[in-house]
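Quick notes on the structure that follows.
The values are calculated or read from the model by the stated rules, or taken from the named source; none is laboratory data. Worth saying up front: this structure is predicted, and the values here are computed from it rather than measured. So basically every Cβ, Gly included, is an ideal-geometry build from the backbone, and we count neighbours across all protein chains shown. In case anyone asks, the SASA skips ligands and DNA or RNA and just uses the protein heavy atoms, side chains included. Shrake-Rupley method; radii C 1.70, N 1.55, O 1.52, S 1.80 Å.
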Amino acid sequence: MINLILVSHSEKLAAGLKELLAEMAPDTPVLLAAGLADGSIGTDASRIEETMNELTDDGLILTDIGSATMNAELALELYSGDRSVQFVEAPLVEGAFLAAVLSGQSKSLDEIVTGVKSEFG
Amino acid sequence: MKLSTETFREALLEAAKQMEQHKDELTDLDREIGDGDHGINMSRGFQAVQKELEAQTEYEDLGALSKQVGMTLIKTVGGASGPLYGTAFVKFAGAFKGKTEAEGDELAAAFKEATDGIKMRGKSEFGQKTMVDIWTPFYEALEQQTDLHQALDQALTDTKERVATKGRASYFGDATVGVQDPGSLSSALLLRAIVEVLR
């Protein structure tokens with residue numbers, strides 16, 4: 001099942017969203033790369049990359065604002081693992097909902113990316 | 001005008017000192033037209049760089065030094081500046097790979113690559129009142145072998161009068177005219193420290 005990686009400036013925001021997603025798509029694995037290591041607000045490419053190493057299948061990254069996107073793209077360049085990982089630009093909450101549901105239906109990474117893009121692109 | 005592994009290390013230690021001295025100024029500017037953390041972020045990042053450079057005094061080449069600095073900035077700066085400065089140094093690492101010295105066209109090309117990296121990462125162009133407005137005239141002055149200090153001073157003056165159309169400052173619109181862009185100022189501090197060591 002395609003994993004989601006939620007990249008947010010706020011750890012609480014990402015944790016709250018994960019809780020919401022569990023209601024809709026309880027089986028979809030959701031990983032978090034949110035906030036800085038000391039718990040403060042921000043995003044960090046190396047944390048995102050570390051989270052990518054925990055993937056149990058291919059992964060889809062969704063981000064909140066500004067530098068989260070820059071850090072996600074940088075993390076993708078730094079990542080040297082075997083999983084196929086993509087970033088898709090979409091409103092974080094709505095995009096994650098759709099992606100989680102599609103993953104729960106065992107769609108492929110490409111199908112999920114296409115689905116999210118066609119809804120929000 | 002030559003940069004060596006040793007002098008680049010010296011320049012980065014000087015840049016760390018400069019970021020610390022200008023920490024409040026960078027933060028105050030960012031409070032006016034941003035989210036008010038630029039000085040704190042740059043200080044945190046360059047303090048981490050300083051610590052590493054003091055612990056390790058010898059580097060294999062300019063590439064190895066650049067790579068370590070880039071990864072440290074990515075991990076420690078936070079905000080938008082982390083991936084932007086980090087990308088610049090990762091690009092330096094590629095351009096300087098296997099070289100213990102760089103000068104002339106080679107040096108200019110490395111700074112152009114770093115600038116292109118910043119533009120790619122930030123999806124930005126010259127003229128949007130961002131750090132790109134400092135890095136671009138700087139590598140052009142290196143290419144044309146004109147006065148580098150003068151190029152940086154002029155770039156800062158020009159950038160100050162522009163309207164921000166990129167990043168969080170763009171939400172402040174016309175209010176950004178006449179206020180220096182904090183990322184441009186920190187870029188000038190870094191690049192000035194590098195100019196000082198070119199022989």
**Message:** Using a 10 Å cut-off around each Cβ of peptide A:73-80, what is the average number of partner chain Cβ atoms that fall inside?
**Reply:** 3
**Asked** Using protein heavy atoms only (no ligands, DNA or RNA), what is the total accessible area buried between A and B, 1.4 Å probe, nearest 100 Å²?
**Response** 1100
**Prompt:** Given the options B:K166, B:K51, B:K23, which has the most mean-square fluctuation in a GNM of chain B, springs set between C-alpha atoms less than 10 angstrom apart?
**Reply:** B:K51
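May I ask you to give the solvent-accessible area per residue for chain A, in square angstrom, as obtained with a 1.4 angstrom probe? Intermediate results must be reported in sequence, preceding the final value.
On the way: 5550 Å² over 121 residues.
About 46 Å² of surface per residue is accessible.
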**Message:** To make sure I understand the rule: partners must be lysines, Cα under 30 Å from the Cα of A:K18, and not fewer than 8 residues away in the same chain. Which ones qualify?
**Reply:** A:K107, A:K117, B:K75, B:K123
**Long-range HN-HN contacts of A:I5 with modeled amide H, under 5 Å** = A:L31, A:L60, A:I61, A:L62
**Request:** Indicate, rounded to the nearest 5 percent, the antiparallel portion of the DSSP beta bridges found entirely in the protein assembly as shown.
**Result:** 20
**Item:** Cβ-Cβ FRET estimate between A:S108 and A:L78, R0 fixed at 22 Å, reported to 0.05
**Value:** 0.35
**Asked** What are the GluC sites (Glu not before Pro) within the stretch B:93-196 that DSSP puts in a loop, where the Cβ has at most 12 other Cβ atoms within 10 Å?
**Response** B:E161
**Asked** Taking only DSSP H segments of four or more residues, each worth -39500 (n - 2.57), what value at 222 nm results for chain B once the sum is divided by all its residues, to the nearest 500 deg cm²/dmol?
**Response** -22500 deg cm²/dmol
**Asked** Counting only protein heavy atoms and using a 1.4 Å probe, what share of the accessible area of the stretch B:2-197 belongs to carbon plus sulfur, as a whole percent?
**Response** 46
**Prompt:** Can you pull the mean other chain C-beta count within 10 Å for peptide B:69-82?
**Reply:** 5
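Can you sort B:D153, A:D27 by 1.4 Å-probe accessible area, starting with the largest?
A:D27, B:D153
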**Item:** Within chain A: Cβ-based charge dipole about Cα centre, in debye rounded to nearest 20 (Lys, Arg +1; Asp, Glu -1)
**Value:** 160
**Request:** Taking the Cβ of A:G42 as the centre, find all other residues whose Cβ is under 12 Å away and add up their charges (Lys, Arg: +1; Asp, Glu: -1).
**Result:** -3
**Message:** Check which residues have an amide H placed less than 5 Å from A:A34's amide H, if you skip close sequence neighbours.
**Reply:** A:S8
**Item:** Accessible-area composition of chain A, carbon plus sulfur, in percent [1.4 Å probe]
**Value:** 49
**Complete:** Cβ-Cβ cut-off under 10 Å around B:R162, Lys and Arg +1, Asp and Glu -1: the net charge is -2
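In debye, nearest 20, what is the charge dipole magnitude of the stretch B:2-197 about its Cα centre with +1 on Lys and Arg Cβ and -1 on Asp and Glu Cβ, if you could check? Numbers along the way, then the final one.
Details: 22 positive and 33 negative charges, 148 e Å.
I would put it at about 720 debye.
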**Request:** Determine the calculated [θ] at 222 nm for chain A from helices alone, applying -39500 (n - 2.57) to every DSSP H run no shorter than 4 residues and normalising by the residue count; nearest 500 deg cm²/dmol.
**Result:** -15000 deg cm²/dmol
**Request:** Just give the residues from the stretch B:121-138 buried by at least 40 square angstrom of accessible area in the all-chains context relative to the isolated chain, probe 1.4 Å, and say none if nothing qualifies.
**Result:** B:R121, B:K123
**Reachable lysines from B:K160, criterion Cα separation under 17 angstrom, eight or more residues apart if same chain** = B:K129
**Asked** Quick one: ranking B:V77, A:V93 by accessible area, 1.4 Å probe, largest first, what do you get?
**Response** A:V93, B:V77
**Prompt:** How far, in degrees from 0 to 90, does helix B:182-197 lean away from the longest principal axis of the Cα atoms of chain B, to the nearest 10?
**Reply:** 30
**Request:** Could you tell me whether the stretch B:45-129 comes out rounded, prolate or oblate from its Cα gyration tensor? Rule is a ≥ b ≥ c as square roots of the eigenvalues, rounded for a/c under 1.5, then prolate if a/b exceeds b/c, otherwise oblate.
**Result:** oblate
**Request:** Enumerate the residues in the stretch A:56-79 having an amide nitrogen under 14 Å from the point lying 7 Å beyond the Cα of A:A22 toward its Cβ.
**Result:** none
**Fill in**
In degrees rounded to 10, the 0-90 angle between helix B:62-76 Cα long axis and the longest Cα principal axis of chain B is 40
**Item:** Accessible area (Å², per residue) of chain B, counting only protein heavy atoms and a probe of 1.4 Å
**Value:** 43
**Asked** How far is helix B:81-95 tilted, in degrees, relative to the longest principal axis of the Cα atoms in chain B, given as a value from 0 to 90 rounded to the nearest 10?
**Response** 30
**Request:** Compare each residue of the stretch A:40-60 in its chain alone against the assembly with all protein chains, and report those whose accessible area goes down by 20 Å² or more; 1.4 Å probe, heavy atoms.
**Result:** A:D44, A:S46
**Item:** Choice from A:L21, A:L62, A:L36 with maximal GNM fluctuation in chain A (Cα, 10 Å cutoff)
**Value:** A:L36
**Request:** Answer rounded, prolate or oblate for the protein assembly as shown, using the Cα gyration tensor with square roots of eigenvalues a ≥ b ≥ c: rounded when a/c is under 1.5, else prolate when a/b is larger than b/c, else oblate.
**Result:** prolate
